[in-house]
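I have placed the structure first, in the form of structure tokens, so that the comments after it can refer back to it.
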Amino acid sequence: MVYETIIGPDFYKLHPMLKERYSLQLGETFKSQGVMEVMETKPSAFKPIYRILSKFKFIVPESGKNIEFDMQYTLTHVDEKMAIYKWVRKFYFPNETYEFHTRMVVDFETGIVKDYMGAPSVVNSHLQFDVTKDGELMTRSTAVDAVIAKQDIPTPTMIAPKALVLEGYDEQSQHYTIHLSIYHPLLGTMMSYAGKFRAL
């Protein structure tokens, strides 16, 4: 299993529902629907730039509450050297639907995991995975590359955004939970959301 390889022994400390969710075989797809209880994108001065980036299916330029969304991801490739997941997220705002596409590439030889964001990709984040004491999956970005002419160009740490995602499972409501925050060293929090969803 891919996530078992990249997380290591701590994979078995995940909540059982997360272990099941992240045990896809080649060609399998996880599909889900849910609600983002809150979504926030800022600063407002950057909204015109975010709207342009949203055309690349990269970022959501609006803020709101109780936004319906769906998410799916597929393990599209795996061999002894590499694995690739394709993610598609759709957020249904009252006046417009925004998509956020990513392609996660796992290099088994180097241990590097890169998440290419946008379609076509405009940036990628190097990802690190940890399991909390409560069995949640914590994903953090450790570096960011700009993607120019299909080449990964490292972004200086002092201006590179940092992302943190925390995923869990609420047994009482029987929903998966997700919290995301993207922080920029100069601009502060650029995007955040918190929500819950169920598998289809």
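The values are calculated or read from the model by the stated rules, or taken from the named source; none is laboratory data. Note that this is a predicted model, so its numbers are computed, not measured. When we count neighbours, we look across all protein chains shown, and the Cβ atoms used for this are built from the backbone with ideal geometry, even at glycine. Calculation scope for accessible area: heavy atoms of the full protein, side chains included, ligands and nucleic acids excluded. Shrake-Rupley method; radii C 1.70, N 1.55, O 1.52, S 1.80 Å.
Values as computed for the structure displayed
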| quantity | calculated |
| --- | --- |
| F108 long-range amide H proximity, modeled H, under 5 Å | M82, A83 |
| Cα-based radius of gyration of segment 136-200 once divided by 2.2 N^0.38 Å, which approximates compact folds | 1.42 |
| Helix-derived mean residue ellipticity, 222 nm - over the chain, DSSP H n ≥ 4, -39500 (n - 2.57), to 500 | -2500 deg cm²/dmol |
| Charge context of Y183, other residues only, Cβ under 13 angstrom, K/R +1, D/E -1 | +2 |
| Integer Hz, Karplus 6.51/-1.76/1.60 couplings in order for segment 25-30, x for Gly and Pro | 9, 3, x, 7, 10, 9 |
| Whole-Hz ³J(HN,Hα) from phi, Karplus 6.51 cos²θ - 1.76 cosθ + 1.60, for segment 63-72, glycine and proline x | 10, x, 10, 6, 8, 5, 8, 10, 9, 8 |
| V35 paired with D10, simple spin-label distance in nm, labels 7 Å along Cα-to-beta-carbon | 3.3 nm |
| Fraction of accessible area attributable to carbon and sulfur, segment 28-95 (%, probe 1.4 Å) | 53 percent |
| Cubic angstrom per residue, convex hull over Cα atoms of segment 41-162 | 152 Å³ |
| Integer Hz, Karplus 6.51/-1.76/1.60 couplings in order for segment 119-133, x for Gly and Pro | 9, x, 5, 10, 8, 9, 10, 7, 10, 10, 10, 9, 10, 7, 5 |
| Å² per residue, accessible surface of the chain at 1.4 Å | 54 Å² |
| Amide H within-cut-off set for K42, under 5 Å, with H built and near neighbours excluded | M191 |
| Highest to lowest packing among 65-76, 139-150, scored as the average C-beta count within 10 Å | 65-76, 139-150 |
